[in-house]
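The values are calculated or read from the model by the stated rules, or taken from the named source; none is laboratory data. Every value quoted in this text rests on a predicted model; they were computed, and no experiment measured them. Quick reminder, even Gly has a Cβ in these numbers, built from the backbone with ideal geometry, and neighbours come from all protein chains shown. For the accessible areas, the whole protein counts, side chains as well, though only heavy atoms, and no ligand, DNA or RNA atoms are used. Shrake-Rupley method; radii C 1.70, N 1.55, O 1.52, S 1.80 Å.
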Amino acid sequence: MTQEFDHIIVGAGSAGCAVAARLAELTTDRICVIEAGPSDADLRVKMPFGLVNLLGGPRDWARKTVPQENLGGRQVSVPRGKMLGGSGSINSMAWFRGRSDDFDGWETPGWGWSDVAPAFEAVEGALQPRRLANPHPLAEGFGRAFGGNDPQSAPTPERQSAGVCHANLHDGRRWSAADAFLRPAQKTGRVEVITGAEVDKVVMDGDRAAGVLLRDGRKIAANAGVILSAGSIETPMILMRSGLGPAAHLSERGIDPVRDIPGIGANLHDHPGVGLHFAGSGSGYGLTLSQMPRWALAPFAWAFARRGVFASPTVEACAFFRAMPGEGRPDAQCHFIPFMLGWKGKAITWGAGYFADVVVSRPRSRGSLTLGADRFTPAIDLNLLSDPYDLQVLMNGIPRLRQILKDAPLDPHRAPEGHPGELVTGDALETFIRKGCGTAYHPVGTVAMGENGPLAADLSLKGVTGLTVADASVMPKVTSANTNAPSMMIGWRAGGFVADRARAAKEAA
Ligand SMILES: Cc1cc2nc3c(=O)[nH]c(=O)nc-3n(C[C@H](O)[C@H](O)[C@H](O)COP(=O)(O)OP(=O)(O)OC[C@H]3O[C@@H](n4cnc5c(N)ncnc54)[C@H](O)[C@@H]3O)c2cc1C
């Protein structure tokens, strides 16, 4: 082993940065954070609209599902941030805790709403999410879709509501977990960050995690333990490459099983969704002759006044609404984007418009993640729409969303539905959904905590010493909204659990 620390955190994403900060605050231990991607020092990370240019590039793992049986064999893209800040450095920054009963529904001791609420408070103290400063008038209009809401308050999955998003932006620039947690933690002098270093596997000493092996052959030792925060796709892969996972599958891939843990890679799920496109002159942002000066001035408007197109994180407003009859809680979410997005399969889409989707809040379809033929490429099977409930929420949700948009005060920027078109209903709507369904980019659940999952309630891997998982993979069920804030909450709490265990181990020694 070349280098030695007390704790190694694998992955400097939304959760990993929070783990580092909490652990540095609660202990005097030496912490190493290992990140596969580069730093986040790139203008496209700081400038909200820049995310459009990051997707599919070197700062995105750019994963894809296997062909999806219920989507006509289509592969669905699974973007994941690969840099300091992780997916929180390429996301749209919309800030939601989830519903309070989401956490009670995890049915894991110590993770009910009253347990997690203080951690959300702490995370929000550091991130200070706030209302978008200069939303497009269309987003303001959509935010008033249900009339009675206070237009300043954030939309919430707790009840039927719409509003302009609250987002983790400071002074018009992205404020990720790397800004709020990692860089302040580095100032303690006890947190070392290594970028451009991809972890191959955890080095096991019997049943104890003793360090990690990097893909370039370097070994780094951890006296107290290893925390995996590589996200819902990469964390289970690292575990499997380490011999921890479903034994038969590991043997098939030529990996000697250290422990047979069938739950690793199981329970993969995400929020399925499908969107409607609206197009018309004088509508949202887009490429039109009249908007050319706006695009030409956009870099300056953002640089000097934090305004204009480049200040938009794309998703500017959201709504939560009921799609299924008899359901009391909102069961669908809409992300409202006041931009003309491409739907014609062309590299550049001309025209002005907007986009609104329907996303299933509490999906029931479950898939799995296994190692592909190459140990570093996952076979991601989200198994989208395998449960008929998910399709039904989308089938009911689209006509409901059309009505919500009709009722919302969008004039004078209102535009007709360009794709698929209002007349698409019934069987044609089902075909449209199967052809267009993607996800909200919230994969979770692949290393779930709880009685039936591989993790104990303190996020330690059952049957193994010194190995903790802290990222979105630990959620037994996805929350009813976007997953960045819950991932940070998990990281913040994991830092506390690991600190407690380290203290107990020192006292026992
Ligand atoms: C395009 C997009 C838009 C989104 N929009 C929103 C939104 O508006 N609001 C919201 O709440 N949520 C949003 N999300 C989801 C949210 O960002 C994620 O749920 C959250 O960031 C997950 O955090 P995490 O810590 O689990 O993983 P990540 O933040 O993805 O962190 C994992 C980190 O581990 C690193 N890593 C992986 N493998 C290795 C390895 N082998 N060795 C070393 N390092 C490794 C990765 O490079 C990455 O930095 C969006 C996600 C995407 C992709």
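Residue-wise test of (1) of a type outside the set (F, W, Y); (2) under 21 Å from L341 (Cβ atoms); (3) within 15 Å of the ligand (Cβ to nearest atom).
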| position | (1), (2), (3) |
| --- | --- |
| I9 | yes, no, yes |
| A21 | yes, no, yes |
| V33 | yes, no, yes |
| G37 | yes, no, yes |
| A41 | yes, no, yes |
| F49 | no, yes, yes |
| G57 | yes, yes, yes |
| W61 | no, no, yes |
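One residue is enough: does region 440-447 have a residue meeting the conditions out of contact with any Ser or Thr (no Cβ under 8 Å at 6 or more places or on another chain) and either within 21 Å of S368 (Cα to Cα) or open to solvent by 10 Å² or more (accessible area, probe 1.4 Å) (or both)? Yes, because at least one residue in region 440-447 is out of contact with any Ser or Thr (no Cβ under 8 Å at 6 or more places or on another chain) and either within 21 Å of S368 (Cα to Cα) or open to solvent by 10 Å² or more (accessible area, probe 1.4 Å) (or both).
Per the listing G225, G211, the residue uniquely at pLDDT 95 or above, closer than 28 Å to E121 by Cβ and assigned to a strand (DSSP E or B) is G225. On inspection, R322 does not qualify as open to solvent by 10 Å² or more (accessible area, probe 1.4 Å) and either under 30 Å from A247 (Cα atoms) or not assigned by TED's automatic domain parsing to the domain that holds H419 (or both).
Please find, within region 392-409, the residue that is nearest to A162 (Cα to Cα) out of those that are touching a Ser or Thr at 6+ places or on another chain (Cβ under 9 Å) and open to solvent by less than 40 Å² (accessible area, probe 1.4 Å). Once the filter is applied, the top-ranked residue is I398. For the residues G496, G463, the requirement of being more than 9 Å from the ligand (Cβ to nearest atom), over 23 Å from A266 (Cα atoms) and in the same structural domain as G450 (by TED's automatic domain parsing) singles out G496. Listed conditions (1) more than 24 Å from V45 (Cβ to Cβ); (2) within 16 Å of the ligand (Cβ to nearest atom) are all met by S176, apart from (1). Can you spot a residue in region 475-487 that is of a type in the set (K, R) and within 15 Å of the ligand (Cβ to nearest atom)? Checking region 475-487: at least one residue is of a type in the set (K, R) and within 15 Å of the ligand (Cβ to nearest atom). Reported count of residues in region 190-206, each being at pLDDT 95 or above, away from the ligand (no atom under 13 Å from the Cβ) and open to solvent by less than 70 Å² (accessible area, probe 1.4 Å), is 4. Each residue in region 407-426 was checked for being acidic (D, E) and either farther than 17 Å from G397 by Cβ or within 30 Å of the chain's Cα centre (by Cα) (or both), and 2 of them qualify. Look at region 103-128: where a residue is under 19 Å from L459 (Cα atoms) and a partner is of a type in the set (S, T, N, Q) and open to solvent by 10 Å² or more (accessible area, probe 1.4 Å), sitting 6+ places away or on another chain with Cβ atoms under 7 Å, you get W113/S100. The listed residues are E69, E35, E25, and the only one of them that is surrounded by fewer than 16 Cβ atoms within 10 Å (Cβ to Cβ), in contact (Cβ under 8 Å) with a residue 60 or more places away in the chain and in the same structural domain as F497 (by TED's automatic domain parsing) turns out to be E25. Looking only at residues that are of a type in the set (G, A, S) and assigned to a helix (DSSP H, G or I) in region 238-255, which one is surrounded by the fewest Cβ atoms within 10 Å (Cβ to Cβ)? Once the filter is applied, the top-ranked residue is A248.
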